[in-house]
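Notes follow once the structure below has been shown.
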Amino acid sequence: MFKEFKNLINLINAKTIIATILIIFIGSIPAIFMDSLLNANLFNQLINCFTINFHLIFLILSISINIISLSSELKKSNIILRHENYQEYLKFSLKKNLMYVFLSLIISFFFCIFTSLISVDFKIEIIPYYYYNISNLTYFIFTLIKTVTFINLISIIIFYFNQKFKNKTTLLLIILILLTFFVPVKLDGKINSIFKMPILIGHWFYALPYSSFSLEILVFVLQSLILLLIGLVLKYLTIYNKKDI
């Protein structure tokens with residue numbers, strides 16, 4: 001595993017790595033100045049950090065641009081010639097890209113912990129979460145799982161989209177995704193049905209008030225399946241109907 005990460009780093013130039021770290025760090029800075037809705041402590045601030053649009057925009061932007069960059073480097077290195085067919089190459093390339101996504105998420109997690117600890121004066125306390133009858137630690141774990149899942153599925157979509165279409169078209173998709181984070185959330189009370197779940201993908205990351213924690217989990221599963229389905233459709237189109245536009 002370490003050797004694979006080393007090979008991945010060799011494919012990405014130093015400027016790209018430094019830029020990635022800086023972009024993610026800038027995205028995590030607002031956590032220092034944010035106040036938790038209930039009480040200032042580490043887990044509440046981490047929930048805020050992983051659900052604030054500013055941090056998510058910078059994280060997705062960094063990952064998306066580097067997926068395009070890494071995919072281009074893999075094509076230039078003639079690695080595709082070392083595989084039996086195009087499908088095997090795609091598996092290899094996707095694996096490398098997801099390794100980069102994993103690395104970016106680790107960096108993001110580190111910076112969120114760092115900035116959150118500063119903002120709460122290193123106060124670590126497990127208290128009830130303000131929406132449900134669960135602890136803030138439990139909801140933070142759920143938030144982390146949700147964020148990691150969505151980021152990986154979106155990365156897969158962007159990867160296959162970039163393989164199918166040209167870079168400029170992929171950048172347009174990335175811009176459209178990021179724009180959804182700028183649209184205000186309009187809620188009429190708590191979300192009490194899956195039919196009232198947010199439509200825009202940017203809102204899926206937010207810690208919105210649901211009528212129950214089980215409903216929020218159900219909505220999360222449904223949203224993940226939607227993203228997975230989109231990714232599978234793009235995979236099929238990329239492999240069996242390859243065409244650049």
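The values are calculated or read from the model by the stated rules, or taken from the named source; none is laboratory data. Keep in mind that this is a model prediction, so the values were computed, not measured. Reconstructed Cβ throughout: ideal geometry from the backbone, glycine too, with neighbour counts over all protein chains shown.
Would you check if there is a residue in region 158-166 being of a type in the set (A, V, I, L, M), over 25 Å from Ile65 (Cβ atoms) and either at pLDDT below 95 or part of a helix (DSSP H, G or I) (or both)? The answer is no; no qualifying residue exists. Checked against the criterion of being of a type in the set (S, T, N, Q) and modelled with pLDDT under 95, region 221-234 has no qualifying residue. Taking every residue in region 219-235 that is over 26 Å from Asn192 (Cα atoms) and pairing it with any residue that is basic (Lys, Arg), at least 6 positions away or on another chain, the pairs with Cβ-Cβ distances below 7 Å are Leu234/Lys164. If the condition is being hydrophobic (A, V, I, L, M, F, W, C) and touching a Phe, Trp or Tyr at 6+ places or on another chain (Cβ under 7 Å), then region 132-188 contributes Ile134, Leu137, Phe140, Leu144, Phe150, Leu173, Val185.
Which one is surrounded by the most Cβ atoms within 10 Å (Cβ to Cβ) among residues in region 185-240 that are small (Gly, Ala, Ser) and in a helix (DSSP H, G or I)? Applying the filter and picking the extreme gives Gly231.
Let's see how each residue does on (1) at negative phi; (2) surrounded by 18 or more Cβ atoms within 10 Å (Cβ to Cβ); (3) touching a residue at least 24 places away in the same chain (Cβ under 8 Å):
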position: Asn136; (1), (2), (3): yes, yes, yes
position: Leu144; (1), (2), (3): yes, no, yes
position: Phe150; (1), (2), (3): yes, yes, yes
position: Ile156; (1), (2), (3): yes, yes, yes
position: Phe161; (1), (2), (3): yes, yes, yes
position: Asn167; (1), (2), (3): yes, no, yes
position: Leu172; (1), (2), (3): yes, no, no
position: Leu176; (1), (2), (3): yes, no, no
position: Leu179; (1), (2), (3): yes, no, no
